[in-house]
Every structure is written in structure tokens, then in C-alpha cells.
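Here's the structure we're looking at; comments come further down.
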Number of protein chains: 2
Amino acid sequence: MELVNINEKLSRFSDHWSPKIVGELNDSYVKVVKLKGEFIWHHHDNEDELFLVIKGQLLMRLRDREVRINPGEFLIVPRGVEHMPVAEEEVHLVLLEPKTTLNTGNVRNERTVEEPARI
Amino acid sequence: MELVNINEKLSRFSDHWSPKIVGELNDSYVKVVKLKGEFIWHHHDNEDELFLVIKGQLLMRLRDREVRINPGEFLIVPRGVEHMPVAEEEVHLVLLEPKTTLNTGNVRNERTVEEPARI
């Protein structure tokens, strides 16, 4: 049983769009990730995904609107809903999602991280 | 899809030891709760439980040691592990746990909350 300090975990890496596993419970992983710039449009067929912002402002584009998520706020994107995360400035994030979740969802390309590192 | 501000949710109530549901994803609820004083020894047979501290310091007593959890830190207590949360001063907390989780785990008494409110 490990006490996890979120900012200490975030201080261990500097790459963007590469989620790291920092905890697991039930069928899910807790991950931290740094974002900068635009990601890709994607959805997850079977997984709901929680985005909790630690630093910066995450712009979540949805097909019908956009949501700005600030530190101390979270958004749950239900399965099947297309979304595109955008970080105009660097964003630090906690993700909570089933272990089966691929970062690029229904898309596989050069931004796909097949096996996130554990830190 | 609701943008959730954790502190805004916490500002809506003042009672202790009564978790409120603020989100759901997959088979789990996200809850917020305020603690003050000692809880009871209990465990959850089938559920791992995540405790993320927002304000104050949570003392988690375990049978073989204790862990102090500060703001920005989380602890995952695996299923089957006996634990007793203690808040020497008021603590504000985010909980993540399966929907089936009872706050008092294997114990049912006057501190059991059968149906947490949604706020």
C-alpha cells in the first residue's frame, strides 16, 4: 500500500501525452499525464473516463460544445462520446479509467501508448 | 456531462461521515465527504477504495501501521484490509469506490449510510 503524492509523481517526467500508471484499484488504473497542444478526436467504446485537472486549464472539445476544466475540477466523459483534449498551455492531469483503456480509444496511430509505464 | 468543481461540491454540506455522490463512471462512484473525529474499524470484502485528501490531514490507521495523507495525496486501501480513518481536525476528501461499497464495510451500525445523497 503506497501513499501517492500526485505532484511528486508528476515531477518525475516531462514528456507529453504519455500517461503513467500511479495506482490501481478494482478494474481501473489511476494515471497522471502532462499535456501540451492538441490531441486527436477519439472515443472509447466501453470505458468512461475521468479527467481531474491538477495544473493548467484543459479544454475538452466535444462535437456539440467545449468544456474548460480548471484545477480542482473534473469531467467524466462517458463511453461512446467523441472528445478531443486540448492544452493551450501545459496541463497536469489525473486520469481514472478502466485498465482496458487505450489513450487514443478507437484510433491507433503514432500517438497510441500501448503499455503505459508505472512510476 | 457535468463539470464538477470539488470544493464547490464540498461547500454544499457540513455534516461529517456522510459521503455524497458527485460522479459516476464505469462501476464506481466518485464521492466527497467531510470527516472529523474517529470512524470505526472495518474492511470491504470486495472493494478497493481510494482516499484523496483535499483539505486537512487524514490519519489512516491500519492494523500494522498508520499512514498520514495530506492534500494532494491519495491512498488506495485494497479489499480485505482493515482500516480506521481518523480526522484529528476536519478533513475534506474525495472517495472513489465501486457502487456496491458501504461506508462501514463489513459492519452495519448507526454510522452506516445506506443510500448516499447525490449533490
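Side notes on the structure shown:
- Those residues of segment B:84-102 which are surrounded by 19 or more Cβ atoms within 10 Å (Cβ to Cβ) and farther than 12 Å from B:Phe51 by Cα, in sequence order: B:Ala87, B:Pro98, B:Thr101
- Flag for B:Leu35 being within 14 Å of another protein chain (Cβ to nearest Cβ) and either more than 26 Å from A:Lys99 (Cα to Cα) or part of a strand (DSSP E or B) (or both): no
- Checking each residue of segment A:38-57 against the condition of being over 20 Å from B:Phe74 (Cβ atoms) and either β-branched (Val, Ile, Thr) or in contact with a helix residue (DSSP H, G or I) (Cβ under 7 Å, 6 or more places away or on another chain) (or both) gives at least one match.
- Residue among B:Val4, B:Val81 that is over 30 Å from A:Glu82 (Cβ atoms), of a type in the set (Val, Ile, Thr) and over 13 Å from the mean Cα position of the chain (by Cα): B:Val81
Okay, residues lined up against (1) within 12 Å of the chain's Cα centre (by Cα); (2) farther than 18 Å from A:Ile6 by Cβ; (3) of a type in the set (Phe, Trp, Tyr):
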| position | (1), (2), (3) |
| --- | --- |
| A:Val33 | yes, no, no |
| A:His44 | no, yes, no |
| A:Leu62 | no, yes, no |
| A:Glu66 | no, yes, no |
| A:Ile76 | yes, yes, no |
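- Unique match (being surrounded by fewer than 18 Cβ atoms within 10 Å (Cβ to Cβ) and within 19 Å of B:Leu52 (Cβ to Cβ)) among A:Gly37, A:Gly72: A:Gly72
- Answer from B:Asp45, B:Asp15 - the residue that is assigned to a loop (DSSP other than H, G, I, E, B), touching a strand residue (DSSP E or B) at 6+ places or on another chain (Cβ under 9 Å) and more than 11 Å from every other protein chain (Cβ to nearest Cβ): B:Asp15
- Only one entry in A:Glu8, A:Glu2 is outside any loop (DSSP other than H, G, I, E, B) and within 11 Å of chain B (Cβ to nearest Cβ), namely A:Glu8.
Let's see how each residue does on (1) more than 16 Å from A:Leu52 (Cα to Cα); (2) of a type in the set (Asp, Glu); (3) touching a Gly at 6+ places or on another chain (Cβ under 6 Å); (4) surrounded by fewer than 22 Cβ atoms within 10 Å (Cβ to Cβ):
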| site | (1), (2), (3), (4) |
| --- | --- |
| B:Asp15 | yes, yes, no, yes |
| B:His43 | yes, no, yes, yes |
| B:Gly80 | yes, no, no, yes |
| B:Glu114 | yes, yes, no, yes |
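- Contacts under 8 angstrom Cβ, first residue in segment B:65-81 being more than 7 Å from every other protein chain (Cβ to nearest Cβ), partner of a type in the set (Gly, Ala, Ser), 6 or more apart: B:Pro71/B:Gly56
The numbers here are math on the coordinates, done by the rules we state, and not lab data. Keep in mind the model is a prediction, meaning the values are calculated, not measured. Backbone-built Cβ (ideal geometry, glycine too); neighbour counts: all protein chains shown.
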